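These notes are about the structure you will find just below.
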Amino acid sequence: MSRAIGIEAAGIGKHFGSFHALSDVSLKVAPGTVHGLLGENGAGKSTLVKCLLGYYRADEGGFIVDGREAAIERPADADALGLGMVYQHFTLVPSMTVAENLVMARQGVPAVINWRAEIAALRQFMQRMPFQVKLEAEAGSLAAGERQKTEIIKQLYLERRFLVLDEPTSVLTPQEAEEMLGLVRNLAHSGALTIVIITHKLKEVFAHVDDVTVLRRGRMAGSGPLKQFTAADLTAMMIGEPHAPKNPERRGVAESAARLSVSGLRTADDAGRKGLSIDGLDVRAHEIVGVAGVSGNGQKELVEVLGGQRRATAGRILVEGAPYDASRMQSQAHGVRVLPEEPLRNGCVPGMTVTENLALRSFDLDAGKDRRFWLDRNGMAARAAAMVAAYGIRTPSPQAPIGVLSGGNVQRCVLARELDGDVRLLIVCNPCFGLDVKAVAETRARIMAARNAGAAVLLISEDLDEILELADRIVVMHDGAIVHQMPAAGADPQEIGRHMLGQH
């Protein structure tokens, strides 16, 4: 007997003051299907889902759940209807076992838990599941794919009949992503669940989705069976243009001398996680070296060392043949620029203005690169205005605090700042994470343009497709070490995925 239920949203509107986040949005998801919900950042996807799950109250329209009108005014209402969500960032408690995470997710957990009875019931429950996870394993010890499965198991344990997956493959290897999406599709087509997937990855949409709905600027841009659309159709609906910007053609061949050379790099262990142990890593001018790896295998720590935010305990870093300690003077002298992960937190001062943040690399230098002792406010304003225009940064004013901007516009600000002037070494970490299709294309094109202009680029990304698209050479990190490297041309994603999982 099918448990999956259908959902219909009819004329949903949601306003925040004068801003219309959703205007007359309708959506129909058939039971037992996989439905793709697509759109740029700010298109209204999250707002629509939050209305459905009771985190927001819709100002207009309503929902029909399993053929009946439903009043969804708070999350408990959605829970009672069997509606759930697996979020982009895992919600499991890392120090608790899988069993403990499942039991504690229930409503009405008794003050004294009979764990022997609970474990016995969970083992019976797991026998009915389409995939298995170890109940006794600590959630924090699981690989990303296993944690994603556990999140889905948790929703099934809570007797969900309709499930929203938010960017479900963002931290998975190709093998894990294919396996997880295949399992999800089988769950839907077997009648166990109805699935809505929020994603930017059109390749996954065409491989696993039955129907799609596209939002743009809070309104419906298109909907229907996937077979009616091409990738160009969906992109045009999402961004309102027939094509996103394309990367420039590769120009120039990597030089023989390394512009960045890392050897014998070691860092201290961090909160139980192994430190870095990188024997050798070189990046040359006119080259993008892509660093692939499952999240948490040392990529963030490598960026912190190269950006001067983490101390190395051993090893040597050379930039243009000279020892490099990531000081401000050295980064300016050698043209080293860094786009870190979570740029608002790691690359900006949130309370300072957009203009001031855009000047952080150059405020103390005059046009001749000599030190200045007084701020050139007019020069800073003129340069900021030019960057805002060139990068399409949406800000209330260049004098607004950068902390009020959306994530995508913060990313544009930091990218504009880091690519300004003489860039000889560019280090970027997950540069397109959370960006919409158009912003992704713009960002990748600018990274490729920097490479063509002669920069050496170290690209750390959890999006393997991004690495395969941009990189000239690929290295794989696992447990803080570089375990494999290969030319990007002809690289096999499945082989890369095996090394990402430590299967050398």
* Name the strands (runs of 3 or more DSSP E) wholly inside the stretch 1-112 in which the number of residues that are assigned by TED's automatic domain parsing to the domain that holds Glu204, modelled with pLDDT of 90 or more and in contact with a strand residue (DSSP E or B) (Cβ under 8 Å, 6 or more places away or on another chain) is 3 or more. => 7-16, 19-29, 34-38, 60-65
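Looking at Gly407, Gly454, which is the one that is touching a Gly at 6+ places or on another chain (Cβ under 9 Å), over 28 Å from Ala254 (Cβ atoms), touching a residue at least 24 places away in the same chain (Cβ under 8 Å) and not charged (D, E, K, R)?
Working: Gly454 fails: over 28 Å from Ala254 (Cβ atoms).
Being touching a Gly at 6+ places or on another chain (Cβ under 9 Å), over 28 Å from Ala254 (Cβ atoms), touching a residue at least 24 places away in the same chain (Cβ under 8 Å) and not charged (D, E, K, R) holds for just one of Gly407, Gly454, which is Gly407.
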* What are the residues in the stretch 474-498 that are more than 20 Å from Val305 (Cβ to Cβ) and touching a residue at least 40 places away in the same chain (Cβ under 8 Å), if any? -> Ile474, Ala488, Pro493, Gln494, Ile496, Gly497, Arg498
* Inspect all residues belonging to the stretch 75-84 and state whether any of them is touching an Asp or Glu at 6+ places or on another chain (Cβ under 7 Å), surrounded by 17 or more Cβ atoms within 10 Å (Cβ to Cβ) and over 27 Å from Phe16 (Cβ atoms). => yes
* Out of all the residues in the stretch 300-346, which are small (Gly, Ala, Ser), part of a strand (DSSP E or B) and either closer than 26 Å to Lys274 by Cβ or in contact with a Lys or Arg (Cβ under 9 Å, 6 or more places away or on another chain) (or both)? -> Ala314, Gly315
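Can you pull out the residues in the stretch 47-71 that are touching a residue at least 60 places away in the same chain (Cβ under 8 Å), out of contact with any helix residue (DSSP H, G or I) (no Cβ under 6 Å at 6 or more places or on another chain) and surrounded by 15 or more Cβ atoms within 10 Å (Cβ to Cβ)?
So in the stretch 47-71, the residues touching a residue at least 60 places away in the same chain (Cβ under 8 Å) come out as 47-49, 52-53, 65-67.
Going one step further and asking which of them are out of contact with any helix residue (DSSP H, G or I) (no Cβ under 6 Å at 6 or more places or on another chain), we end up with 47-49, 52, 65-67.
Within the stretch 47-71, Thr47, Leu48, Val49, Leu52, Val65, Asp66 meet the criteria.
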* Structure fact -> Counted residues in the stretch 468-504 being of a type in the set (A, V, I, L, M), surrounded by fewer than 20 Cβ atoms within 10 Å (Cβ to Cβ) and assigned to a strand (DSSP E or B) come to 3
* Structure fact -> Within the stretch 144-180, of all residues that are in contact with a Leu (Cβ under 7 Å, 6 or more places away or on another chain) and of a type in the set (Gly, Ala, Ser), the one surrounded by the most Cβ atoms within 10 Å (Cβ to Cβ) is Ala144
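The values are calculated or read from the model by the stated rules, or taken from the named source; none is laboratory data. Keep in mind that what you see is a predicted model, and the values were worked out from it rather than measured. Every residue, glycine among them, receives a Cβ derived from its backbone with ideal geometry; neighbour counts consider all protein chains shown.
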